[in-house]
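No value in this document is a laboratory result; all are computed from the given coordinates. Bear in mind that the values here come from a model prediction, so they are computed numbers and not experimental data. All Cβ positions, glycine included, derive from the backbone under ideal geometry; neighbour counts span all protein chains shown.
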Amino acid sequence: MRVKHHLLTTYAMLVIGYLMLPIAVVILFSFNEPEGRFNYVWQGFTFDNWANWDAPIGLRESMITSLEIGVLSTVVATILGTMIALAIVRHHFRGRASSNVLVFLPMSTPEIVLGASLLALFIQQTGIFVIGFWTIFIAHVMFIVSYIVVTVKARLIGFDRHLEEAAADLGADELTTFRKVTFPLIAPAMLAASLLGFALSIDDFVITYFVAGGEQTFPVYVWGIARVATPPQVNVVASAIFLVAIAVALGNVLWQYRSSRRQRGAA
Amino acid sequence: MGSFFHRRKGLVPYLLLSPGLAWLAIFFIVPLAYLGYQSLKSGIFPTYEFTWEFSNYTEAVSDYHPQLVRSFVYAGIATVACLVLAYPLVYWIAFRAGRWRNLFLLAIVAPFFVTYLIRTLAWLNILADEGPVVGLLQWTHVLGEDERLLATTFAVIAGITYNFLPFMALPIYVSLEQIEPRLLEAAKDLYASPVQAFLRVTLPLSAPGIVAGTLLTFIPAAGDFINAELLGTPKQQMIGNVIQAKFLESLDYPTAASLSFILMAAILVAVLAYARVVGSEKLTG
């Protein structure tokens, strides 16, 4: 029994190690001093890549584009997605089931099909769509919305409607009730959903690559440059994104620990 | 808010829904229709004409069935590998990790915080010919002196496995976490051995997670082209590579569009077949 116990723990730790290994390699190779154009073999330690992170031409611009599209598409998708979630959870109406299906479908379609079909629309000579920044924005809103709906919905389902009714009974009008009761209650879910949306947007390559035209987000930039060279600065940017994301996530985990301990203390 | 809904209850849900659903309709449904339209065109770039060219589909299948079959074989192997790697891990997290659960869950999603392309490129470092893994395998004679890992089928499947492992792990974790500890205690009280308790209680109760995880892993894996492109050679090309190259490089829109629909249809068939097997097993079990 004890042996089996340790066997399982060892296996679990090995898989965790497997998951962590490439991350460690990405960070390690951001400090490499490669001799050729490719950053595949360890040569020597340097801080230069971090000091001159934007030395490769186009890297800074692609990062700015990624951030702009991430923020814009997340804001729009969070608003649209929260509205859909409110409608689906709080109301019974004709077409509710098909709305659910329409939200679910993009998540279960391979990314390459999403990208290809958007490009099929955008290459039509309609004169409306110019392939570039705004077509990337449109695509990102489209695939993020579903994830926002799912995340906010999960929160809304466990939500006490009596609080809103109480506010209405106490004479609050609809807008005041929404502002003072509903919104504060769903705000954490909207924040969590938008963080997820932003992460999805920053990371997306496949769909973006199809609808980007000449515009470069960070992943598109990496794809283009990976064929001719891989400057270690690419690892620097990836490591920086990772460290920021992990700091936010760790903060969230610690905050959960603290609030659960506080709750236990109160009870 | 309540009275607002009651007074105009008919309209409100539609007002809330319409902007978001309109976005999905215009930029998800309409594009699919255009993709269908492109797939039935004929001619040479840039003058494709719509001619109900259904032969695009039969030609695409006869020209690219090796890549199509390969996509599904690779995705299938990777899905099984993900299950074998993920299940014991999330089992351990759910039942043994105690208060450190959330930290280990974070470790599972941590790879997502490194850009997809970059974490795939990291496997180039790890599996490099001069790297430590190849060195170790050659030293132990698992690999011959001039054999390598990069640019092999192994590398491509390993890359897909790594990239989609979290999609398998998280749904299984959710289903394991919901299991009532009292059920396992009851099994123990009724003299079930740990193995019996696992096979008769834990495993069936985690089946929904396995089903969800399998779908979430298999569907994106079958459409993937990044791992084959970065870690493989033309011999490992998947259907995604063909669609990508036809659409963006040779600008052969009709073939690319019909291949996209063939991929979707094939995935649908695979999913339905899987649902049948899972359903019938549940019935007989």
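Things worth noting here:
- From phi via Karplus (6.51, -1.76, 1.60), per-residue ³J(HN,Hα) for region A:37-54 in Hz, x at Gly/Pro: 7, 9, 9, 10, 10, 5, 10, x, 8, 8, 9, 4, 4, 6, 5, 10, 5, 9
- Global form of region B:74-229, assessed from the alpha-carbon gyration tensor, a/c cut-off 1.5: prolate
- A straight line joining the Cα centroids of region B:132-208 and region A:63-140 runs 34 Å.
- Magnitude of the charge dipole for chain A, about its Cα centre and with charges confined to Cβ atoms of Lys, Arg (+1) and Asp, Glu (-1), is about 1100 debye.
- Fewest-first sequence of A:ARG161, B:ARG148 by Cβ atoms within 10 Å of each Cβ: A:ARG161, B:ARG148
- Distant-in-sequence amide H partners of A:ASN39 (H built 1.01 Å from N, under 5 Å): A:THR230
- Unit charges on C-beta of K, R, D, E only; dipole of chain B, Debye: 1420 debye
- When the charge dipole of chain A is built from unit charges on Cβ atoms (+1 for Lys and Arg, -1 for Asp and Glu) and taken about the Cα centre, the candidate among A:ALA77, A:PHE183, A:ALA116 whose Cα reaches farthest toward its positive end is A:PHE183.
- The HN-Hα couplings worked out from phi for region A:7-20 by the Karplus form 6.51 cos²θ - 1.76 cosθ + 1.60 (θ = phi - 60°) are 4, 5, 4, 4, 4, 4, 5, 5, 5, 4, x, 4, 5, 7 Hz, whole numbers, x standing for Gly and Pro.
- Among A:VAL234, A:VAL89, A:VAL206, the ranking by other beta carbons within 10 Å of each residue's beta carbon, starting with the fewest, stands as A:VAL89, A:VAL206, A:VAL234.
- Note on chain A: GNM, Cα springs under 10 Å; of A:GLY224, A:GLY36, A:GLY115, the largest mean-square fluctuation is that of A:GLY36.
- Given 11 as the ceiling on other Cβ atoms within 10 Å, longest exposed-site-free region of chain B for GluC sites (Glu not before Pro) in DSSP loops: B:1-129
- Structure-based [θ]222 nm, the protein assembly as shown - -39500 (n - 2.57) summed over DSSP H runs of at least 4, per residue, nearest 500: -23500 deg cm²/dmol
- Peptides B:160-167, B:102-109 ordered by average Cβ neighbours within 10 Å, highest first: B:160-167, B:102-109
- The ellipsoid equivalent to the alpha-carbon distribution of the protein assembly as shown has semi-axes of 36, 33, 26 angstrom, derived from the gyration tensor eigenvalues as √(5λ) and listed largest first.
- Neighbour counting of Cβ atoms within 10 Å sorts the residues B:ARG99, B:ARG70, fewest neighbours leading, into B:ARG99, B:ARG70.
- Backbone geometry of region B:97-111 corresponds, through the Karplus equation with coefficients 6.51, -1.76 and 1.60 at θ = phi - 60°, to 3J(HN,Hα) couplings of 7, x, 6, 8, 2, 4, 5, 6, 4, 4, 4, 5, 8, 3, x Hz, x marking Gly and Pro.
- For region B:165-285, the Cα-based Rg and Dmax, in that order, read 20.4, 67 Å.
- Farthest positive-ward along chain B dipole, Cα basis, beta-carbon charges - from B:SER250, B:PHE54, B:VAL278: B:VAL278
- Shape of region A:57-230, Cα gyration tensor, a/c cut at 1.5: prolate
- Using the alpha carbons alone, the radius of gyration of region A:134-176 stands to its Kirkwood radius in an Rg to Rh ratio of 1.27.
- Along principal axes, Cα extents of chain B, largest first, whole Å: 79, 74, 40
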